[in-house]
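Asks: Structure below; questions to follow.
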Amino acid sequence: MTLPDTRRFYIDGAWVDASDRTTQDVINPATGAVVTRVALATAADVDLAVAAAKRALRTCAATTMAERKAMLLRLRDAYQARIDDIAAAITQELGAPKDLARNGQAAAVLGKIDAFIAAADHVQLNERLDTGQRILRQPVGVAALIAPWNWPLHQIILKVGAALAAGCPMVLKPSEMTPMSASIFAEVMAAADLPRGMFNIIHGDGAGAGAPLCAHPDVAMISFTGSTAAGEAIARAAAPGFKRVALELGGKSACLVFSDADLEAAMTAILKKAFNNSGQNCNAPTRILVERAAYEQAIAAARKVAETWSLGWPDQPGPHIGPVANARQYAHVRAMIESGIKCGARIVAGGLDVPQGFEKGCFVAPTILADVTNDMPVAVQEIFGPVVVMIPFEDEDDALSIANDSDYGLAAYVYTAARDRAERMIAGLDAGMVLVNGADIAPGSPFGGVKRSGIGREGGVFGIEEFMELKLVAEPQPC
């Protein structure tokens, strides 16, 4: 793979140099080696990108849904042609194992594009109401898209695909930690033949690029995925201009396991979702709540499943776990494990010891901590690594009480053989998504949470409509 030029930005249909020579190293978290350097945008670069998007607004807004669907189809073809390059970039910059990068990270984007293509047929731009009046759905305006590093392209397409289908010109700021895959994606967007200025990308950090982008007076909407603290800051920055915000933030998702569940099957599914991508998944079931009668049996099942997971080098094929994404995250995850141990948690698997041969990179062993209570930091704070906690509960009311005693409300999981109990848990859980007995989220489903897990939804029709304004049209009715 030829490395993309992460020191240039794509603005107004052309590749341009950054206004400043300041760069930041991009580090391979498995080896500590510098992979490339990324330019850090300034407010001047933000102004250029937003101005290009603003000039494109009228043209983009005038496109029909059929034209936007055709753009998505061209995007899909262009992306498919570069999928191997994108996977290779994700392996180098994120440390995602080779198979995960290709078959999980990169391939998932195709499913999301397909879902937006299908959703385009279900978004009504001009809808007649029973009253005889009409509703127009129009693009909200220039959209600022700020994406994270954990699923870099997956999160980018959820924003770009929705903005494109809504007719919004956009400025994308991907994470400065994962700029290579984003720059290749910009090349893909250039090949998709969009209206000039509809898609623009700048690289940079939160202070130098993200802050001026969010505060820019010509930005009408901000779509952000990242930490809850950053989301709060973005909401504050958006408030003076009454900008639309869609925030997909942190999670500490509870997973309720009742004694009538198939414990081995449940633990296999739960830990696969929790350890995949080195645990760097906002909706991971990181709090496993188990009915007291089955608690020790569930711990034994979890230990057995954890033994099937191992660390491995990102450039090697296989289902292993790679490193966490960077040194800061590595330090945070280890500090959280240490905190849990000091608070009295029992180590069921993993812990602070790293298998021989993986001491130099940002590798964290898949870890399970049992006998955790909700007054421990490890139970309530997002860890964002391959770490889960196990907490016993007495009955349904106790399970809901523990599960809902959280600032977060992204996802929740339920494992039980009783359908009536599952329905009670679904109704009682404070979460934007509830997954029952191993079911997963289909492409095009509304993804998002409640409480401090965010505002709004991504994916499919719901994601597209986040980027649209409703306009009521009242006209005299014919006699």
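Every number here is computed from the coordinates shown, using simple stated rules; none is lab data. Source: prediction; values computed, not measured. Don't worry about glycine lacking a Cβ; one is built from the backbone with ideal geometry, like all the others, and counts go over all protein chains shown.
Asks: Taking the alpha-carbon distance from residue 159 and a cut-off under 30 Å, which lysines remain once sequence neighbours fewer than 8 residues away in the same chain are dropped?
Replies: Within the straight-line limit of under 30 Å, residue 159 reaches these lysines: 54, 69, 98, 112, 173, 243, 252, 272, 273, 451, 471.
Asks: Where does the stretch 254-443 land on Rg(C-alpha)/(2.2 N^0.38 Å)?
Replies: Taking N as the residue count of the stretch 254-443, the ratio is 0.98.
Asks: Using a ≥ b ≥ c from the Cα gyration tensor of the stretch 1-76 (square roots of the eigenvalues), is it rounded, prolate or oblate, where a/c under 1.5 gives rounded and otherwise the larger of a/b and b/c decides, a/b for prolate? The partial results should precede the final answer.
Replies: Working: a/c = 3.52, a/b = 1.63, b/c = 2.16.
Verdict is oblate for the stretch 1-76.
Asks: Based on the Kirkwood radius over alpha-carbon pairs, what is the Stokes-Einstein translational diffusion coefficient of the chain at 4 °C with 1.567 mPa s viscosity, in µm²/s? Working shown, then result.
Replies: Values: Rh = 23.1 Å.
Diffusion coefficient, whole number: 56 µm²/s.
Asks: Just to confirm my numbers, what's the Cα centroid distance between the stretch 5-53 and the stretch 99-135 in Å?
Replies: First find each Cα centre; the distance between them is then 30 Å.
Asks: Give the angle, between 0 and 90 degrees and rounded to the nearest 10, that separates the Cα long axis of helix 179-191 from the longest principal axis of the Cα atoms of the chain.
Replies: For helix 179-191, the angle is close to 40 degrees.
Asks: OK, next. For the chain, what does the helix formula give at 222 nm: sum of -39500 (n - 2.57) over DSSP H segments with n ≥ 4, over the residue count, nearest 500 deg cm²/dmol?
Replies: Numbers: 14 runs with 176 residues, N = 479.
So the calculated ellipticity at 222 nm is -11500 deg cm²/dmol.
Asks: Please rank 113, 83, 90, fewest neighbouring Cβ atoms within 10 Å first, as an exposure proxy. Let's see the in-between values first.
Replies: On the way: 113 22, 83 17, 90 29.
Placing the least packed residue first, the sequence is 83, 113, 90.
Asks: State log₁₀ I(q)/I(0) for the stretch 106-248 at q = 0.13, 0.16 Å⁻¹ as given by the Debye formula over alpha-carbon point scatterers of equal weight, solvent excluded.
Replies: Log-scaled intensity ratios, in q order: -0.59, -0.86.
Asks: Need one word for the stretch 292-388: rounded, prolate or oblate. Basis is the Cα gyration tensor (sqrt eigenvalues a ≥ b ≥ c); a/c below 1.5 gives rounded, then a/b vs b/c decides. Present the calculation step by step, with values, prior to reporting the outcome.
Replies: Numbers: a/c = 2.35, a/b = 1.34, b/c = 1.75.
Oblate.
Asks: Classify the stretch 49-101 as rounded, prolate or oblate, taking a ≥ b ≥ c as the square roots of the eigenvalues of its Cα gyration tensor: rounded when a/c is under 1.5, otherwise prolate if a/b is larger than b/c and oblate if not.
Replies: Cα axes put the stretch 49-101 in the oblate bin.
Asks: Label-point separation (nm) for residue 66 and residue 394, each offset 7 Å from Cα along Cα-to-Cβ?
Replies: Taking the two extended label points, one gets 6.5 nm.
Asks: Write down the Kirkwood hydrodynamic radius of the stretch 1-142, to one decimal in angstroms, obtained as one divided by the mean of 1/r over all alpha carbon pairs. Could you put the intermediate results ahead of the total?
Replies: Details: mean 1/r = 0.0542 Å⁻¹.
After inverting the pairwise mean of 1/r, the radius is 18.4 Å.
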